[in-house]
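The values are calculated or read from the model by the stated rules, or taken from the named source; none is laboratory data. What you see is a predicted model; the values in this text were computed from it and never measured. Note: ideal-geometry Cβ built from the backbone for every residue, glycine included; neighbour counts use all protein chains shown. We work out accessible area using only protein heavy atoms, side chains counted, and drop any ligands, DNA or RNA first. Shrake-Rupley method; radii C 1.70, N 1.55, O 1.52, S 1.80 Å.
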Amino acid sequence: MRLVAYRDIPSHDWDAVCDVSGQAWLFHRSDWIAIEERYFSGENLSVGFESKGRLVAVLPLYFSDTSNGAAQENLLHSGIHRHAGLACVPGLDAASLAALKALMRNYMFEQAVARQCHRIQLAFQSLAPESLDGARGLEVPFWVSEWGFFHGLAFGPGGMYPAPAMSTVACDQVVMLDDGDEDALFSRLAEACRRNVRKALKSGVEIQRVQEPDAINLYYEMAKVSSQRTGESLAPLSYYRDIWNALHPSNRCWLLAALHDGEAVAMLLALIDKGGASYLAGVSTARGLDLRANDMVHWGLIRTLKREGLRCYRLGPAFPGLPDDWPIVRVSRFKTKFGARFVPLTTGSYFLKPGHYPERA
């Protein structure tokens, strides 16, 4: 078993592992690693594992500090919010897996020490096939049972507050599209959400998938107007263009618009891979809010995904049990309206410098 740097692996070889691995999803792929490296991390430390001249596993891995995604710490991680983790080809024998894990552990801790990291964070991806099929829930992750990773990721009013033994229940909201017909899916929407969808339909709101080459510019223009109303910070146009240009040609990025009298009043970006979709971003005009088009566009996506034969739609995490008036709860509350399953996020932390955290905890 041999460790190979990400930059020494052809992208088609890296993605071939992602295609066959039951532990991989879009956030493991080379196109996404390029986006992660450019916009979200300080350093790309991703690696592959080669056995007898064959690439058998990949590990997206990044270094972040307070300037690029980490919460007042130096952090080594396999994706913050966009979780990845180790992804292996099927059929590796026990000896190969043991050698691979030993290489992975040594590499991670060497990189963490060299960068004076306070913490290492690992996770599983909720949309990976093994996660959806329930295989991941049958055993404790090896980085917990063998390496001493444990709870340590809490959420406060403004976001992440890591500290040893601190933990907040965070649940991905995943709508299972193969669990009944459209009528059954609609019946699972929250009552207020069903009313909103009916109002939008009665007002003549229609959902349309937008596929023009410059469509992402239309999204960004609406996002700029929306951010002036909400006060939220907006990523640069280049971020959305890079995602669109990298993923839309392979049908891995969808843009949906809610139209009223031919005018877009709400838009939604979703990422697609391996039969699963993940909400990336959404915007609405003031008129769209009045028409309840922001709920309608999610329902339109659910119907479209169902008809295209996809398995599920992930809206992202919600935080049951936290105070209703906390900002992190308010901005995530809408995700619970669409009849999703609550799927606990599987994350673990190894604290190399636990003394850094008590005051923040």
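A few remarks follow.
- Label-point separation in nm, L201 to S233, each point 7 Å along Cα→Cβ: 4.0 nm
- Multiplying the residue separation of L352 and R54 by 0.36 nm and subtracting their alpha-carbon distance yields 104.0 nm.
- Taking the 1.4 Å solvent-accessible surface of the chain as the whole, the part contributed by carbon and sulfur is 50%.
- The lysines within cross-link reach of K337, meaning a Cα-to-Cα straight distance under 23 Å and a gap of 8 or more places when in the same chain, are K199, K202, K306.
- Here K52 is the anchor, and the lysines within straight C-alpha reach of less than 22 Å, apart from those fewer than 8 places off in the same chain, are K101.
- Gain on full stretching of the segment that runs from E263 to D325 - 0.36 nm per residue minus C-alpha separation: 18.9 nm
- 3J(HN,Hα) from dihedral phi, the stretch 47-61, Karplus parametrisation 6.51/-1.76/1.60, rounded to Hz, x for glycine, proline: 9, x, 10, 10, 10, 6, x, 10, 6, 10, 7, 9, 9, x, 8
- Heavy-atom accessible area with a 1.4 Å probe sorts F49, F150, F186, F351, largest first, into F150, F186, F351, F49.
- In terms of the mean number of neighbouring beta-carbon atoms within 10 Å, the peptides 123-131, 198-206 order highest first as 123-131, 198-206.
- Note on R333 and E43: the model spin-label points, each 7 Å out from Cα along the C-beta direction, lie 4.2 nm apart.
- Computed over protein heavy atoms with a 1.4 Å probe, the accessible surface of the chain works out to 44 Å² per residue.
- J(HN,Hα) series, the stretch 75-90, from Karplus relation 6.51 cos²θ - 1.76 cosθ + 1.60, nearest Hz, glycine and proline x: 10, 9, 7, 9, x, 9, 6, 9, 4, 10, x, 5, 10, 10, 5, x
- Heavy-atom accessible area order for L218, L26, L345, largest first, 1.4 Å probe: L218, L345, L26
- Residue-span extension gain [V210 to A99] - 0.36 nm each, minus C-alpha spacing: 35.3 nm
- 3J(HN,Hα) along the stretch 322-334: 7, x, 4, 8, 6, x, 5, 7, 4, 6, 9, 4, 4 Hz, from the Karplus curve 6.51 cos²θ - 1.76 cosθ + 1.60 with θ = phi - 60°, whole Hz, x for Gly and Pro.
- The chain, relative contact order [Cα under 8 Å, separation at least 6], %: 20 percent
- Neighbour net charge for A340 - beta-carbon separation under 12 angstrom, K R +1, D E -1: +3
- Taking every C-alpha pair closer than 8 Å and separated by at least 6 residues, the mean separation divided by the residue count of the stretch 29-88 gives a relative contact order of 28 percent.
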